[in-house]
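The structure appears below as structure tokens.
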Amino acid sequence: MADKLKTALFKFTCCAGCQFQLLYFFSPESFLETLDLLDFVYFRMATSKELKEDDHYDLAFIEGAISTTEDIEKVKKIRKQSDIVVGYGACAAHGGVQSIGDWTPQRKLEETVYPNPLQMKSIKVHPVDEFIRVDYQLRGCPIDEVEFMELIRALAAKKEPYLREYPVCVECKFANNICILLMRQGVLESMCLGPVTRAGCRVACTRNMRACFGCRGPMTNPNIPEMVRTFKGKGFTEHEIFTRFTEYAGLSPEFSEGARAYYERKAPYYERPEWRAA
Amino acid sequence: MKNPYLPMSCVIKETKKETADIKTISVELPDLPAPFDYAPGQFNQISVMGVGEMPISIGSRLDDKTITHTVRAVGEATSKLVELDAGDTIGLRGPFGQGWPLEAAAGKDLLLATGGLGLAPLRALLDLIEAERDRFGRVNLAYGARTPGDMIFTDRFDRWRVIPDFELFLTVDHVPKEAVWEHATGVVTHVFDRLTVDPARALAFTCGPEIMMRFVANSLLIRGFDQNSIFVSMERRMECGMGKCGHCMIGPKYVCIDGPVFSYAQVKALPHNIIAGKGLAA
Amino acid sequence: MVRALKLDGLDILIESLKKDYLVYAPLSRNGDYFFSILEEEKAYLGCAVTIMPPKRILQPEVQTLFNYTAVDGYSIETPPLDQKQALFGIRPCDVHAMLGFDRVFGGRYEDPYWWERRKNTLVVAANCTTVAEECFCSSWGTGPGLDANYDLLLTDLEDGYLLEIGSPAGEEVAIQLDVPPAGEADLSKKARLLARATASIKKVLGVKPTELHDFLAERFDHPAWQPQADVCFSCGNCTITCPTCYCYNIFEDYSPALKAGERRSEWDSCQLLEFARIAHGFNFRRTRLDRFKHRSIHKLSWMDQQYQTPGCVGCGRCVRWCPSWPVRRGRPTSLADPVEIIGDLMEAV
Ligand SMILES: Cc1cc2nc3c(=O)[nH]c(=O)nc-3n(C[C@H](O)[C@H](O)[C@H](O)COP(=O)(O)OP(=O)(O)OC[C@H]3O[C@@H](n4cnc5c(N)ncnc54)[C@H](O)[C@@H]3O)c2cc1C
Ligand code: SF4
Ligand code: SF4
Ligand code: SF4
Ligand code: SF4
Ligand code: SF4
Ligand code: FES
């Protein structure tokens, strides 16, 4: 048996739900067996072990998005200390829920939330791979248990994990589901992003008659213009379309294309601050 | 019912490094009710258990129970395969596919034009030419590679050169400074001016990257080869090797059971390939 | 003449089947139908285009090919497939699709997984006396009535059910039923109902099946392909729900030390980007156009050339489940709809 992988899990801007998910997973034996391949030297939620400066990791999970300049330094350091870096969850992959804010000027956001915005040091949120190379990405909000196991076993066996690239629709049909995009009319629950979202969640949402809201981000080469046209044809408003595309993975080039299509906004980062507009 | 999905487990007898990323692997077959019979140009599905299966052309037969495969590490499964050594076990099922058209080739001149690893699927045929020289007319082997270091089976070249009525033309794209190279440079079609086979009574067999086969075929058509006399060996993604999984389909043809060897005339009628351009109409 | 019985209701037949078989039947859920194990619910016998075709019972989405352990080489174990099962209420089009699979999984290399399940499966087909909007089986001759290749065949006669017996295995079930034989009137009523059903099919393929090969070959470079491909999601719904689509992948599940594992097959679709991709990311059907064309022509012509069995049986599932609905000839149409694809190609250049 190969040595255990020395593993650390770091949290950045997020709800820590994906970390929690690891503890919460319905734990069949095979899951515990897989978890046993890891030696967690740092995992705040589950162990009391303290972080050692300048430690070296076989495997580092990075949970959450990057939202301060210190975060950037930190992830760069983690990259240097680790052999394999895994982006952990939707926030690390695409910015996650808080990335919705990226579509509004930072100053406006801060003014809405904080009494004294001039003291804030945060920047817009960014996916982790904006700053460092990420070797593998566990997508989703939250991550999927089976995919997690596949990745860990593959890493332990030193082979490539079999992560699906196809859209959610494939798994949706494997699950014998009714297509809610086609069958339900007029409700947001039928605004399904499945045809452009990458599978791997085993249709957590459509299985329960809820539209996929794209938490796993785009599949490879999605047909975004057609998705927008389909939503428009179903009578959804520009704002609804914008919101659906930006809910979890709006920072991905693909979904941001969808977000911009009918909502005359510029991509995040390119929004000109209002004070300079005139 | 025999289960064609089940691989036989075979032990690797020896391995030989051909180039930096290519290795020849000799495998010992288990005891079989009948001898493992294959035709030059056919392939086996080789499994590295836990990793996956890959189609690999069958090379030489060393003795009754030992055959060779020559493999380049390009991805997951091939990389694991070339890491293996003598004594390791692999899975094997086969042989699959239609090999080179030996019946049509009887008594004819042969031009074998190939590049890089493309020589591997011709190895069994070269063995056959050596063993049964009278079956064919004059034989030319035109072999190109990127650099001299990328050539495989170099230890066989001298053996082939002494086969009667057999010419070996070597060429490389590029000679590194420190290397000694006394043969041609340029792509493989550059040596075609020196061919000694007669286009009117020759068959041409070619194997290599599809773009190379395109140039070879075009060049041969200009030199008077008939499109029914040029044969190519094609590569597609394969899973089953038995005409069921659909992956290797090119139009209505399956590379795994209708090929991998096709005539140029056949390929011309197929879509989605580089050799003869695209289009369904001939 | 085939032996035929007249049933008042289906319960007696279902009860009898359940004694020896695991019974699958179309069940209703939220107004749609899907094939599943029949327990307490009522089987639906109207013309139901189930979401997934019954192929998933004979060739599951993911199936185990074998397990292996690394001791003295590899020791291999295959799963037992001896469950006796009945497909209750399978439609004529789906029966034809199953016959197509017999050809795909037959031939020189017989697929033992298919054939083991197939031989243990009793086909209790049901003729369609009503048809769904998406059906166009009559264009292919694959429905709405079935002439052969069943063990038992049901027809809803409104005042009861006609049960025709098509095989010794069917006879074994029928013999246990204590019901009277059907009369001449029942058989002529069946013929009448089927004629009515055929007449009610509004969807017609614009080109005769025998002429499709030439029709498509001539139009391989037709400009109508591109605008269709442009609105395709490459989502695979049209092939995964298609009863004649057989493509699959083979992959491994393994222990971390690679000493034991399982080789499995999983359905795949030629519409997906990765389908024809090889090492170094090279892809022979990289564009949506190439994939859309491959699927359409494989269904409508190439599969027939390969196996002498139609690649489409007119079941209408792709029509129903394709998420892309472009406007063609003034109406919103399902992009994957073979009738509409042919319609586009019929338009002059
Ligand atoms: C008829 C035939 C004969 C071949 N003979 C040889 C040979 O003698 N020596 C040799 O080194 N290689 C040969 N190849 C190519 C070899 O099969 C591929 O390099 C190999 O499958 C790559 O697998 P991988 O897992 O390493 O690559 P990955 O890129 O990791 O593979 C991913 C998937 O794509 C498939 N795939 C990738 N590349 C190819 C390819 N080129 N052809 C078919 N499927 C592919 C694999 O089956 C796998 O499922 C042959 C291919 C064919 C079709
Ligand atoms: S419900 Fe959504 S994911 Fe499922 S098939 Fe329809 S569009 Fe695809
Ligand atoms: S169905 Fe969509 S939103 Fe739901 S878990 Fe899957 S990818 Fe995320
Ligand atoms: S192509 Fe469409 S209509 Fe034809 S058999 Fe397949 S799913 Fe049914
Ligand atoms: S249409 Fe595509 S998925 Fe279906 S059988 Fe043909 S090649 Fe396979
Ligand atoms: S034709 Fe329709 S169902 Fe098929 S891949 Fe395209 S969008 Fe999906
Ligand atoms: S490899 Fe499966 S059909 Fe050819």
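The values are calculated or read from the model by the stated rules, or taken from the named source; none is laboratory data. Computed from a predicted model, the values in this text were never measured in an experiment. Please note: Cβ atoms are built from the backbone with ideal geometry, for glycine as well, and neighbour counts cover all protein chains shown. Ligands, DNA and RNA are excluded from the accessible area calculation, which covers all protein heavy atoms including side chains. Shrake-Rupley method; radii C 1.70, N 1.55, O 1.52, S 1.80 Å.
Observations, loosely collected:
- DSSP bridge analysis restricted to the range B:102-268 gives an antiparallel fraction near 15%, rounded to the nearest 5.
- By the Cβ distance rule (another cysteine Cβ under 4.7 Å), the unpaired cysteines of chain A are A:Cys15, A:Cys18, A:Cys172, A:Cys179, A:Cys192, A:Cys201, A:Cys205, A:Cys212.
- Within 10 Å of the Cβ of each residue in C:31-37, the mean number of Cβ atoms contributed by other protein chains is 2.
- Share antiparallel - DSSP beta bridges, chain A, percent rounded to 5: 20
- Dipole in debye (nearest 20) - the range B:102-268, about Cα centre, beta carbon charges: Lys, Arg +1; Asp, Glu -1: 400
- Kirkwood Rh and Cα Rg combined as Rg/Rh, the range B:199-268: 1.02
- Whether the range B:85-207 is rounded, prolate or oblate, judged on the alpha carbon gyration tensor where a/c under 1.5 counts as rounded: oblate
- Most mobile listed residue (C:Gly46, C:Gly311, C:Gly143) in chain C, GNM with C-alpha springs under 10 Å: C:Gly46
- Peptide C:297-307 shows a mean partner chain C-beta count of 3 within 10 Å per residue C-beta.
- With 0.36 nm allotted per residue and the present C-alpha distance subtracted, the C:Leu22-C:Thr64 stretch has 13.1 nm of extension available.
- Under 17 Å of direct C-alpha separation, and excluding same-chain neighbours fewer than eight residues apart, A:Lys173 reaches these aspartates and glutamates: A:Glu165, C:Asp32, C:Glu61, C:Glu266, C:Asp268.
- Descending by average beta-carbon neighbour count within 10 Å, the peptides A:136-145, B:170-179 line up as A:136-145, B:170-179, the highest first.
- Over the range B:8-96, the reciprocal of the mean inverse Cα-Cα separation, the Kirkwood hydrodynamic radius, stands at 12.9 Å.
- Point-to-point label distance, A:Thr69-A:Leu188, nm (Cα→Cβ direction, 7 Å offset): 3.7
- Once divided by 2.2 N^0.38 Å, the Cα radius of gyration of the range C:1-135 becomes 1.23.
- Measuring r between the beta carbons of C:Asn149 and A:Lys80 and using R0 = 60 Å, the FRET efficiency lands at 0.35.
- Volume in Å³ per residue [convex hull over Cα atoms, computed for the range A:210-261]: 72
- Pairs of Cα atoms farther than 18 Å apart, the range A:5-156, %: 58
- Of A:Gln119, A:Leu138, A:Met183, farthest towards positive along the dipole that unit charges on Lys, Arg, Asp, Glu beta carbons give chain A: A:Met183
- Estimated FRET transfer efficiency (C:Asp178, C:Thr130; beta-carbon r; R0 41 Å; 0.05): 0.90
- In terms of its C-alpha gyration tensor, the range C:184-305 comes out oblate, because a/c is 1.5 or above while a/b does not outweigh b/c.
- Put a plus charge on the Cβ of each Lys and Arg, a minus charge on the Cβ of each Asp and Glu, and nothing anywhere else: the dipole of the protein assembly as shown about its Cα centre is then about 2140 debye.
- For the peptides C:289-302, C:163-176, residues were scored by their other Cβ atoms within 10 Å and the scores averaged per peptide; the highest-first order is C:289-302, C:163-176.
- The protein assembly as shown: radius of gyration over Cα atoms, expressed as a fraction of 2.2 N^0.38 Å: 1.04
- Summing Cβ point charges (Lys, Arg +1; Asp, Glu -1) relative to the Cα centre of the range A:5-156 gives a dipole of roughly 580 debye.
- If you plug the beta carbon distance of A:Asn116 and C:Glu347 into 1/(1 + (r/R0)^6) with R0 = 45 Å, you get a FRET efficiency near 0.10.
- By average C-beta atoms within 10 angstrom, highest first, the peptides B:117-124, A:167-174: A:167-174, B:117-124
- Against the empirical 2.2 N^0.38 Å (N residues), chain A has a Cα radius of gyration ratio of 1.05.
- DSSP-defined antiparallel bridges as percent of all bridges, the protein assembly as shown, nearest 5: 60
- Working from label points 7 Å from Cα in the Cα-to-Cβ sense, the B:Trp181 to C:Ala195 distance is 8.0 nm.
- Annotation for C:Leu81 and B:Ile274: the two label points, set 7 Å from Cα along the Cα-Cβ direction, are 3.8 nm apart.
- Shielding of peptide C:225-238 by partners, expressed as the average count of other chain Cβ atoms within 10 Å per residue Cβ, is 5.
- Residue-count net charge about B:Asp37 - beta-carbon cut-off 13 Å; Lys, Arg +1, Asp, Glu -1: +1
- Cα-based shape type of the range A:168-262, given that a ≥ b ≥ c are square roots of the gyration tensor eigenvalues and the cut on a/c is 1.5: oblate
- Only one residue of B:Ala39, B:Pro164, B:Cys207 has its Cα farthest out toward the positive end of the dipole of chain B, where Lys and Arg carry +1 and Asp and Glu -1 on Cβ, and that residue is B:Cys207.
- For the protein assembly as shown, the solvent-accessible area with a 1.4 angstrom probe is 41 square angstrom per residue.
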